[in-house]
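Novice: Sharing a structure with you now.
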Ligand code: NAD
Ligand code: UGA
């Protein structure tokens, strides 16, 4: 099969490289010339484990290439994927569909022969109908089927998630499109990953429902962590105790500083807006969003409490800036409101992240002294705050850390360490939902 992947970001590049790895011929298109030139030189513009090798192999074997020119690859394709961004629209929180609509117009103009146009971007219910309307308006003669195929990969584990999905959701009732999509995903289908065919709008809803449910699970355990702190329970044992019940499941029950990232925050908001517009409000999701927003400020107060009530004129070392480990993505990272709050409260902030420093310099310019490693970051600090659970923060040399700091105070927002080991090492230690 020939595939054109429009939008070569976190999702487009991973999906394109994986489809190429399945044996299809893929052209990744992006209008960002710098990104495409970098990829043509063999440089990967994002940090995603394993992606460099996957891209290199498939380029070398002639199944994957990159261009800024959309018409050629679209005309040649059996399937054209739309994998452009759908950020929050400024002002109202709806998904901004301007990139998707612009893309649909460009694709329409270039179509030749029967083509399946697939929205992989996360889009509100009804977007597939609008994409189809735009295509038919631009090219009344086009022979096209518009399909919804939402993506469920996580950053940092993107290749594994793409190649070993729990399910593949395909929203179409068109038989020819169904055949093309089945062929595209053939290696996974043969591997027993269920292909779930639904109506197009239902597929669009499944994506938002999944993200909102996961965000709810995280928020539920975060609030339980707060209760554990008040009554002396251990949230990790609570999570294990409920997670062993198959009806609940153990995943996404890690309490922390609140969820962030390029998707949960914007997608929960967009779903709330859709539901409100249709007078079927999702009150649980509305509460999740409000609780999660408040939590980030509460984390700054937690650090202040560990320092006796105030961070004024104190130096705080922040380990981890990205919204999760194994990515360089800083979009909606909890570290941003946290560090902003530290600044507002009169503290100085030092920070280190293994992969996110370049993006962080854009988001936190002037607020932070950026450091070269964890120990340099701890230098002269009154408190060290673990914000993102990168592997390299899991086995720090605690003596060296203590030596470097002005006061041995650690606030571990990811429960990377055990309270007893930190006490033995001589730290004042606070974590999430566990006895001190
Ligand atoms: P991204 O911002 O990393 O990439 C989007 C790319 O699209 C950019 O490189 C941009 O230049 C390009 N683009 C925009 N308009 C274009 C056009 N008309 N022609 C060609 N290129 C164009 O975004 P992302 O994180 O890959 O997310 C893409 C979509 O996938 C979003 O809807 C997101 O919600 C969804 N999604 C993301 C993830 C994730 O982990 N990041 C997971 C599942 C779903
Ligand atoms: C999430 C979903 O997990 C993917 O299935 C989905 O495809 C993607 O959004 C998307 O639509 O873009 P991602 O944002 O990459 O993936 O990362 P997650 O691992 O889900 O983490 C999101 C946030 O939740 C992070 O800030 C993370 O620290 C937090 N989290 C996650 C917790 O606080 N506790 C948990 O137990 C799990």
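Every read-out reported here was derived from the displayed coordinates using simple, explicitly stated rules and does not represent laboratory data. Just so it is clear, the model here is predicted, and its values are computed rather than measured. For neighbour counting, all protein chains shown are included, and Cβ atoms are generated from backbone atoms with ideal geometry for every residue, glycine included.
Novice: Could you sort the peptides 390-398, 64-72 by per-residue average Cβ neighbour count (10 Å cutoff), highest mean leading? Before the final figure, lay out each step's value.
Specialist: Working: 390-398: 15.0, 64-72: 17.8.
Highest mean packing first, the order is 64-72, 390-398.
Novice: Next question. What do you get for Rg/Rh over region 339-379 if you use C-alpha atoms and the Kirkwood form of Rh?
Specialist: Using Cα coordinates only, the ratio equals 0.96.
Novice: Mind pulling the angle between the C-alpha long axis of helix 283-306 and the longest principal axis of the chain? Nearest 10 degrees, somewhere in 0 to 90.
Specialist: Between helix and principal axis, roughly 30 degrees.
Novice: According to a simple spin-label model (label point 7 Å from Cα along Cα-to-Cβ), what is the distance in nm between residue 92 and residue 60?
Specialist: It works out to 5.1 nm between the two label points.
Novice: Count the DSSP beta bridges whose two residues both fall in region 2-198, then state the antiparallel fraction as a percent rounded to the nearest 5.
Specialist: Within region 2-198, antiparallel bridges account for around 5 percent of the total.
Novice: If I stretch the segment between residue 175 and residue 345 completely, what's the gain in nm (0.36 nm per residue apart, minus their alpha carbon distance), one decimal?
Specialist: Stretched fully, the residue 175-residue 345 segment lengthens by 55.2 nm.
Novice: Now for a separate question. Using a 7 Å offset from Cα along Cα-Cβ at residue 251, what residues in region 175-189 end up with backbone N under 18 Å from the label point?
Specialist: Within reach of a label on residue 251, which here means backbone N under 18 Å from a point 7 Å along Cα→Cβ, region 175-189 contributes 188-189.
Novice: Still on this model: Compute the helix-to-body angle for 98-110: its Cα long axis versus the longest principal axis of the chain, expressed 0 to 90° and rounded to tens.
Specialist: Helix 98-110 sits at roughly 30 degrees to that axis.
Novice: Only helical DSSP H runs with n ≥ 4 go in: add -39500 (n - 2.57) per run for the chain, normalise by residue count and round the 222 nm mean residue ellipticity to 500 deg cm²/dmol.
Specialist: Calculated at 222 nm, the ellipticity per residue is -13500 deg cm²/dmol.
Novice: How much length is gained if the chain between residue 402 and residue 38 is pulled fully straight, taking 0.36 nm per residue apart and subtracting their Cα-Cα distance, in nm to one decimal?
Specialist: 126.9 nm
Novice: Please state the equivalent ellipsoid semi-axes for region 1-47: what are the square roots of 5 times the Cα gyration tensor eigenvalues, largest first, in whole Å?
Specialist: Each semi-axis is the square root of five times an eigenvalue, giving 17, 11, 9 Å.
Novice: For the chain, modelled as a GNM with alpha-carbon contacts under 10 angstrom, which of 171, 309, 93 fluctuates the most?
Specialist: Looking only at 171, 309, 93, the largest GNM fluctuation is found for 309.
Novice: Could you please rank 103, 28, 18, placing first whichever residue has the fewest other Cβ atoms within 10 Å of its Cβ? Could you put the intermediate results ahead of the total?
Specialist: Working: 103 26, 28 29, 18 22.
Exposure proxy ranking, most exposed first: 18, 103, 28.
Novice: Which whole-number percent gives the relative contact order of the chain, counting Cα pairs below 8 Å spaced six or more residues apart?
Specialist: RCO, the chain: 12 percent.
Novice: What ranking do 265-271, 21-27, 252-258, 362-368 get when scored by the average of other Cβ atoms within 10 Å per residue, highest first? Mind dumping the intermediate values first?
Specialist: Working: 265-271: 24.0, 21-27: 20.3, 252-258: 22.0, 362-368: 14.6.
Output ranking for 265-271, 21-27, 252-258, 362-368: 265-271, 252-258, 21-27, 362-368.
Novice: Hey, got the Cα dimensions of region 295-430 along the principal axes, in Å, largest first?
Specialist: So the extents along the principal axes, rounded to whole Å, are 38, 30, 25.
Novice: In region 277-314, whose amide N lies under 14 Å from the spot 7 Å out along Cα-to-Cβ of residue 436? List them in ranges.
Specialist: Within reach of a label on residue 436: 302-310.
Novice: Can you compute the FRET efficiency between residue 186 and residue 137 using 1/(1 + (r/R0)^6), with r the Cβ-Cβ distance and R0 = 41 Å? Round to the nearest 0.05. Kindly include the intermediate steps, with their values, before the conclusion.
Specialist: Numbers: r = 33 Å, r/R0 = 0.81.
It comes to 0.75.
Novice: Running a GNM on the chain with Cα contacts under 10 Å, which residue among 13, 413, 188 ends up with the highest mean-square fluctuation?
Specialist: Most flexible of the set in this elastic network: 188.
Novice: Can you give the angle from 0 to 90° between the axis of helix 335-344 and the longest principal axis of the chain, with both taken from C-alpha atoms, to the nearest 10?
Specialist: Its long axis makes an angle of about 40 degrees.
Novice: For the chain, report the convex hull volume of the alpha-carbon atoms normalised per residue, in Å³, without decimals.
Specialist: 150
Novice: Could I ask something else about it? Write down the Kirkwood hydrodynamic radius of region 2-198, to one decimal in angstroms, obtained as one divided by the mean of 1/r over all alpha carbon pairs.
Specialist: Details: mean 1/r = 0.0596 Å⁻¹.
One over the average 1/r among Cα pairs gives 16.8 Å for region 2-198.
Novice: Quick one: Debye curve from the C-alpha atoms of region 138-216, no solvent, what's log10 I(q)/I(0) at q = 0.11, 0.18 Å⁻¹?
Specialist: These q points yield log10 I(q)/I(0) values of -0.33, -0.80.
Novice: Subtracting the Cα-Cα distance from 0.36 nm times the residue separation, let me have the gained length for residue 244 to residue 129 in nm, one decimal. Walk me through the numbers before you get to the answer.
Specialist: Details: separation 115, 0.36 × 115 = 41.40 nm, distance 4.12 nm.
Difference between extended and current length: 37.3 nm.
Novice: Fewest Cβ neighbours within 10 Å first, please rank 121, 310 accordingly.
Specialist: The order, fewest Cβ neighbours first, is 310, 121.
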